[in-house]
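The values are calculated or read from the model by the stated rules, or taken from the named source; none is laboratory data. Worth saying up front: this structure is predicted, and the values here are computed from it rather than measured. Neighbour counts run over all protein chains shown; Cβ positions are idealised from the backbone, glycine included. Calculation scope for accessible area: heavy atoms of the full protein, side chains included, ligands and nucleic acids excluded. Shrake-Rupley method; radii C 1.70, N 1.55, O 1.52, S 1.80 Å.
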Amino acid sequence: GSDINLYKLFTEQCFNLLRSGGYCGIVIPSGIYTDLGTKQLREMLFGQTTVTGLFCIENRKEVFEGVHRSFKFVIMSFEKGGHTERFPAAFMRHDVAELERFPQEGAIGISVPLVRRLAPDSLSVMEFKDPTDVQIAEKMLKFPLLGERIEDTWNVSFTREFDMTNHSYLFKTAPGKGRLPLYEGKMFHQFCSNWGEPKYWLDEEEARKSLLGKQSDEGQFLDYQQYRLAFRDVAASTNERAMIMTILPRNVFCPHTVSLENVVATCLGQQTRFYVLAAMNSFVVDYLLRMRVTNHLSFFFVYGVPVPRLTEKDAAFWPIVERAARLICTTAEFDDLAKEIFGGRTTAKTVGATDAADRAKLRAELDGLVAHLYGLTEE
């Protein structure tokens with residue numbers, strides 16, 4: 001990766017210094033087994049060493065003083081030479097004393113072929129807690145990854161819009177004529193786009209010029225003028241939810257801390273947009289993501305999620321779409337979207353669920369419906 005992090009250089013140098021058959025044990029950040037920037041190091045470790053243990057500790061009990069308590073680090077050991085088919089691992093541990101019994105107690109055997117199937121592009125290792133986690137992953141892997149391009153069905157891709165630093169000259173601190181709000185991640189939550197108030201606004205004309213670059217502005221339709229999926233980039237496996245996605249109203253801009261549906265490129269139908277939203281906000285997908293994510297929900301994590309490619313021809317599709325639409329269409333800015341989904345003279349006021357108990361019930365039903373898609377049981 002382009003970000004040179006010292007632990008990456010130390011890991012590589014430890015490998016270089018070892019003779020064949022030599023052992024290394026090192027304490028480093030958990031990014032060594034999750035981050036895209038360490039993919040080639042994982043290829044090296046799996047292909048040219050025998051990994052003898054990954055023991056991950058969350059700094060909850062301040063093993064390291066002055067380090068944030070949610071920070072995760074790993075005690076990694078490997079022998080130079082040979083290759084790794086399977087290795088023992090333990091994740092989210094809190095007591096260093098457990099290391100004395102590892103890997104004889106509390107370890108899960110993780111196979112490298114399973115890692116490759118779960119994350120073919122990144123080789124990220126998921127933080128399995130017990131054998132049931134592996135079973136669930138196997139069930140989910142029956143479906144194509146979200147980033148996989150498939151003919152004759154829908155596909156989705158994500159992009160970013162404005163950089164908080166590089167484009168700061170465009171940001172105004174007050175609303176005004178011709179200005180549109182900048183939607184930051186903290187302004188929305190799952191199935192909710194009005195979680196907070198905007199802090200910045202952009203002049204639409206200036207913003208269009210920036211987005212179009214060298215292209216001349218001929219009034220062409222751009223992504224910001226349409227309803228689109230958005231999810232927060234900043235995430236952690238220790239947060240309440242790792243994936244926080246919503247559908248944004250039209251005519252809003254976003255900074256780089258928000259990942260956005262590439263509307264023009266992917267051409268998702270409105271019903272499919274709601275289906276993708278419900279699947280990605282589900283407990284099942286969140287559970288899968290939080291075993292991979294450290295601090296950021298990068299595209300490669302999201303593209304690596306297996307998602308059933310349901311369409312309107314599938315019986316399970318509409319019940320999911322309807323519930324997601326009732327959660328999103330709660331204000332007048334979503335009236336057109338409500339009409340498109342429910343038809344007639346529908347407005348957000350007539351179909352939107354605003355009562356907290358109703359919303360909780362709809363979300364619970366969505367979690368159940370999505371879990372059934374993956375063939376999961378209540379147990």
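Contact annotation: residue pairs with Cβ atoms under 9 Å, 6 or more positions apart or on different chains, pairing a residue in the range 294-320 that is farther than 15 Å from L141 by Cα and charged (D, E, K, R) with a partner that is assigned to a loop (DSSP other than H, G, I, E, B) and open to solvent by less than 30 Å² (accessible area, probe 1.4 Å), are D314/P308.
The conditions of being in contact with a Gly (Cβ under 7 Å, 6 or more places away or on another chain), surrounded by 12 or more Cβ atoms within 10 Å (Cβ to Cβ), of a type in the set (A, V, I, L, M) and touching a residue at least 24 places away in the same chain (Cβ under 8 Å) are not met by L45.
If the condition is being assigned to a helix (DSSP H, G or I) and open to solvent by less than 40 Å² (accessible area, probe 1.4 Å), then the range 320-334 contributes I320, V321, A324, A325, L327, I328, F334.
Of everything listed in (1) open to solvent by 60 Å² or more (accessible area, probe 1.4 Å); (2) assigned to a helix (DSSP H, G or I), the single unmet condition for A315 is (2). The residues in the range 259-293 that are closer than 25 Å to L362 by Cβ and free of Cβ contacts under 8 Å to residues at least 12 places away in the same chain can be counted, and the count is 0. Apart from one condition, K139 fits all of (1) touching a residue at least 60 places away in the same chain (Cβ under 8 Å); (2) open to solvent by 30 Å² or more (accessible area, probe 1.4 Å); (3) not in a helix (DSSP H, G or I); the exception is (3). Taking (1) assigned to a helix (DSSP H, G or I); (2) within 30 Å of D152 (Cα to Cα); (3) open to solvent by less than 40 Å² (accessible area, probe 1.4 Å) in turn, L362 satisfies each apart from (2).
Counting the residues of the range 232-272 that are in contact with a Lys or Arg (Cβ under 6 Å, 6 or more places away or on another chain) and either surrounded by fewer than 17 Cβ atoms within 10 Å (Cβ to Cβ) or among the acidic types (D, E) (or both) gives 2. Please indicate, with yes or no, whether at least one residue in the range 93-106 is under 18 Å from R292 (Cβ atoms), out of contact with any Lys or Arg (no Cβ under 6 Å at 6 or more places or on another chain) and either of a type in the set (F, W, Y) or in a strand (DSSP E or B) (or both). Looking through the range 93-106, at least one residue is under 18 Å from R292 (Cβ atoms), out of contact with any Lys or Arg (no Cβ under 6 Å at 6 or more places or on another chain) and either of a type in the set (F, W, Y) or in a strand (DSSP E or B) (or both). Cβ separations smaller than 7 Å between residues 6+ apart or across chains give the following pairs from the range 143-158 residues that are part of a loop (DSSP other than H, G, I, E, B) to residues that are among the small types (G, A, S) and buried (at least 16 other Cβ atoms within 10 Å of the Cβ): G147/G304. Of the helices (runs of 4 or more DSSP H) entirely within the range 174-282, those holding at least 2 residues that are more than 30 Å from F73 (Cβ to Cβ) and within 16 Å of the chain's Cα centre (by Cα) occupy 270-280. Being out of contact with any Asp or Glu (no Cβ under 7 Å at 6 or more places or on another chain), of a type outside the set (V, I, T), farther than 22 Å from V321 by Cα and open to solvent by less than 20 Å² (accessible area, probe 1.4 Å) is a condition met by at least one residue of the range 220-231.
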